[in-house]
1. Among the listed residues Arg161, Arg191, Arg157, which satisfies the condition of being under 30 Å from Val139 (Cα atoms), at pLDDT below 95 and within 16 Å of the ligand (Cβ to nearest atom)?
2. Please specify each residue of segment 169-207 satisfying the condition of being touching a helix residue (DSSP H, G or I) at 6+ places or on another chain (Cβ under 7 Å), surrounded by fewer than 15 Cβ atoms within 10 Å (Cβ to Cβ) and assigned to a helix (DSSP H, G or I).
3. Here is a list of conditions, (1) under 17 Å from the mean Cα position of the chain (by Cα); (2) in a loop (DSSP other than H, G, I, E, B); (3) among the hydrophobic types (A, V, I, L, M, F, W, C); (4) farther than 30 Å from Ser153 by Cα, and Ala14 meets all of them except one; can you say which number that is?
4. Of the residues in segment 164-188, how many are within 12 Å of the ligand (Cβ to nearest atom) and among the hydrophobic types (A, V, I, L, M, F, W, C)?
5. Can you tell which of Val70, Val46, Val59 is assigned to a helix (DSSP H, G or I) and in contact with a Phe, Trp or Tyr (Cβ under 6 Å, 6 or more places away or on another chain)?
6. List the residue pairs whose Cβ atoms are under 8 Å apart, where the first residue sits in segment 76-100 and is surrounded by fewer than 17 Cβ atoms within 10 Å (Cβ to Cβ), the second is assigned to a loop (DSSP other than H, G, I, E, B) and of a type in the set (Val, Ile, Thr), and the two are 6 or more positions apart or on different chains.
7. Just need a number here: residues in segment 101-114 that are over 20 Å from Ala21 (Cβ atoms), in a helix (DSSP H, G or I) and in contact (Cβ under 8 Å) with a residue 60 or more places away in the chain.
8. In segment 69-122, how many residues are hydrophobic (A, V, I, L, M, F, W, C), farther than 19 Å from Met170 by Cα and modelled with pLDDT of 95 or more?
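The values are calculated or read from the model by the stated rules, or taken from the named source; none is laboratory data. Model, not experiment: these values are computed from the prediction. We place every Cβ from the backbone using ideal geometry, glycine too, and count neighbours over all the protein chains shown.
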Amino acid sequence: MRESMVIAIDGPAASGKSTVAQRVAARLHYLYFDTGVMYRAVTLAVIQQQVDVNNQKAVEQIAMATQINVTPPSIEDGRQYDVVLNGVDVTWQIRSNEIEANVSLVSTYPGVRQAMTERQREIGLQGRVVMVGRDIGTVVMPDADIKFYLDASVQERARRRYTECMQHDMQTTYESILAAMQSRDHIDSTREIAPLRKAADAIYLNTSDLSIDMVVDQVIQQLVLTE
Ligand code: C5P
């Protein structure tokens, strides 16, 4: 295995990429960086400032002016990191249904993507990082040492998210989660800039019938093989 690698993991929502990336990063003592939180934080800033998410120019201005910091967890409440938006901890707020419903539209805007991609690249170029997102292998870090694309059927992904919601006593239905996920998949994979897709040189892993441990093992096996 190479020293100081950049590991890119892309895939749709609930494909297992965040959990897998976090475990791989912990094993290697690498930084785990989930780029989705940045798009979620921008979306929250837009909603907080009562700006219409359809107002592209205004949303892009907010993205450029917004300070987002992702730091190691300061509280033990199940979080993987702290997300700080303009000085305020918003780690759990960015997980709301309102953010889920609007984040994909916000993420289509070129000005938003440019601002986020630049910041993500700065972190990626420092190396020793497992970066997770939709466009890491294709756009943010096209020269990553190794790339993975994690996938699963939309029904299986909705089932996983529904189970998570039930564990946290959240009021929702499987049908509404499935519909929201299909909508997000569609916007993310058909947008003009940096759509969700597998990089040509990414390793494809279908996680539908695999446990998290099995996926982590497969990723580690591939890493060991890289020279
Ligand atoms: O990964 P997560 O579900 O937190 O991402 C939220 C949304 O952020 C995605 O649905 C997508 O619209 C956007 N995103 C993106 N590019 C990334 C990461 C996330 O467009 N690299």
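1. Numbers: Arg191 fails: at pLDDT below 95; Arg157 fails: at pLDDT below 95.
Selected residue: Arg161, the only one of Arg161, Arg191, Arg157 that is under 30 Å from Val139 (Cα atoms), at pLDDT below 95 and within 16 Å of the ligand (Cβ to nearest atom).
2. Passing the criteria: only Gln182.
3. Result: Ala14 fails condition (4) only.
4. Count: 3.
5. Details: Val70 fails: assigned to a helix (DSSP H, G or I); Val46 fails: in contact with a Phe, Trp or Tyr (Cβ under 6 Å, 6 or more places away or on another chain).
Selected residue: Val59, the only one of Val70, Val46, Val59 that is assigned to a helix (DSSP H, G or I) and in contact with a Phe, Trp or Tyr (Cβ under 6 Å, 6 or more places away or on another chain).
6. Qualifying pairs under 8 Å: Arg79/Thr91; Asp82/Ile75; Asp82/Thr91; Asn86/Thr66; Asn97/Thr172.
7. Taking segment 101-114 as the starting set, the residues that turn out to be over 20 Å from Ala21 (Cβ atoms) are 101-102, 104-106, 108-114.
With the extra rule that they be in a helix (DSSP H, G or I), the set shrinks to 101-102, 104-106, 110-114.
With in contact (Cβ under 8 Å) with a residue 60 or more places away in the chain added as a condition, the list becomes 101, 104-106, 110, 112-113.
Matching residues across segment 101-114 total 7.
8. Looking only at segment 69-122, we keep the residues that are hydrophobic (A, V, I, L, M, F, W, C), and these are 70, 75, 83-85, 88, 90, 92, 94, 99, 101, 103, 105-106, 112, 115-116.
When the remaining residues are screened for being farther than 19 Å from Met170 by Cα, the result is 70, 75, 83-85, 88, 103, 105-106, 112, 115-116.
In the following step, the residues that additionally are modelled with pLDDT of 95 or more were identified as 83-85, 88, 103, 105-106, 112, 115-116.
Selection size over segment 69-122: 10.
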